[in-house]
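Comments concern the structure below.
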Amino acid sequence: MSELSTITSDLVAVKDFSSLYERFINYIDATPATIETYSKSLRQFFKYLHDEGINRPQRADILAYRDTLQAEGKAAGTVQLYIISVRQFFKWTATENIYPNVAENIKTGKVSKGHKKDYLTANQIATILRNVDRTTLAGKRDYAMIALIATAGLRTIEVHRANIADLGASGSSSILWLQGKGRDDKGEYIKLSDAVEQAIRHYLIARPDIQPNDTLFASTSNNNFGNRISTRSIRGIIKDEYRKNGYNSPRLTAHSLRHSAATLNLLNGGTLEETQQLLRHENIGTTMIYLHHIKRENNNSEQRISEAIFN
């Protein structure tokens, strides 16, 4: 129990998680992104224990923590993530005979299966692209990056990981090999439309002294020029372009471009199976959410009922 007490003694700095936290991360054999997620989630939990003066957490404390997160207005998905992290941690402490699993079977709360983010119409995306300043290196990059995500449904992590050497060909199509979410290699690819490939080549021509193994999309900041652009920067760039064009909704994020690709493909004749392949979903049920969303948009029940009442 001494190790757990060490963790809860000072919860602000990651270094104070002590060897127990490090052993847990090694146990789950996680990717860097997952480790970062667990770190953030568990730091929040340990801080809660510290603030409440809890040295020997029990099941009731975990339930109270979940209720506190909900009362603070945390999004349902965030609450779910935090509780899953806590459950995994105590499952491990029990396995290692360090501390009983006081979080076993605690529910995370329901999360809607629908999308929390909006998508953009084809005209809106065209407007955003048209207004990108392509006279600068950063503008050439941003135009190519947004066009790529919007047409091929990439995740920001896939954009972040892409290298120049990942550009290639398959049959008569130009392609980009991807390292997807949770993948260890670049075993999947997306096709590049002529317009997107031209945008990428136009950007690469403007870059000085590039090599095949260089990152595809590079930072243009003074402190990080030429190095791999971060996912945070990608999200910020896209959000800034939204704002410049009057699309300043919190429901519009970088991920909205991925939603847009799926929705526009279905609206323009793409099949569910083709959209699943485009988005690289393992489960077609995940892709079906987009189809349900489109069906709901085309369901005008409210208007029909309103006309029956008021007309």
Check: Using Cα atoms only, what is the angle between the long axis of helix 284-297 and the major principal axis of the chain, expressed in degrees (0 to 90) to the nearest 10?
Finding: 70 degrees
Margin query: I want to verify the translational diffusion coefficient of the stretch 60-209 in µm²/s; compute it with Stokes-Einstein, Rh as the Kirkwood radius over Cα pairs, at 37 °C and 0.692 mPa s.
Written below: 171 µm²/s
Margin query: Give me the base-10 log of I(q)/I(0) for the chain at each q in 0.08, 0.12, 0.13, 0.15 Å⁻¹, Debye formula, one uniform scatterer per Cα, rounded to two decimals.
Written below: -0.49, -0.97, -1.07, -1.21
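Averaging the inverse of every distinct alpha carbon separation and then flipping it gives the Kirkwood radius. What is it for the stretch 122-297, in angstrom units?
Taking the inverse mean of 1/r over all distinct Cα pairs, the stretch 122-297 comes out at 16.7 Å.
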Note to self: Can you list residues from other chains, or at least 5 along the same chain, whose modelled amide H is less than 5 Å from the amide H of residue 175?
What the structure shows: 168, 169, 170, 192
Check: Once the Cα atoms of helix 255-267 and of the chain are each reduced to a long axis, what angle between those two axes, in degrees from 0 to 90 to the nearest 10, is obtained?
Finding: 50 degrees
Notebook entry, point to check: Just 239, 181, 47 to compare: in a GNM of the chain, with alpha carbon springs under 10 Å, which one fluctuates most?
Noted result: 47
Checklist line | Average Cα contact separation per residue, the chain, under 8 Å, 6 or more apart, as relative contact order % | finding: 15 percent
Note to self: From the phi angles alone, apply the Karplus equation (6.51, -1.76, 1.60; θ = phi - 60°) to the stretch 122-131 and give each ³J(HN,Hα) in whole Hz, x where the residue is Gly or Pro.
What the structure shows: 4, 5, 5, 5, 4, 5, 4, 5, 4, 9
Next item on the list: Calculate how steeply helix 76-95 sits against the longest principal axis of the alpha-carbon atoms of the chain, using the helix alpha-carbon long axis, and give the answer as 0 to 90 degrees to the nearest 10.
Entry: 50 degrees
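All of the numbers you see were taken from the coordinates with simple rules; none came from a lab. On a predicted model such as this, the values are computed, not experimentally measured, just so you know.
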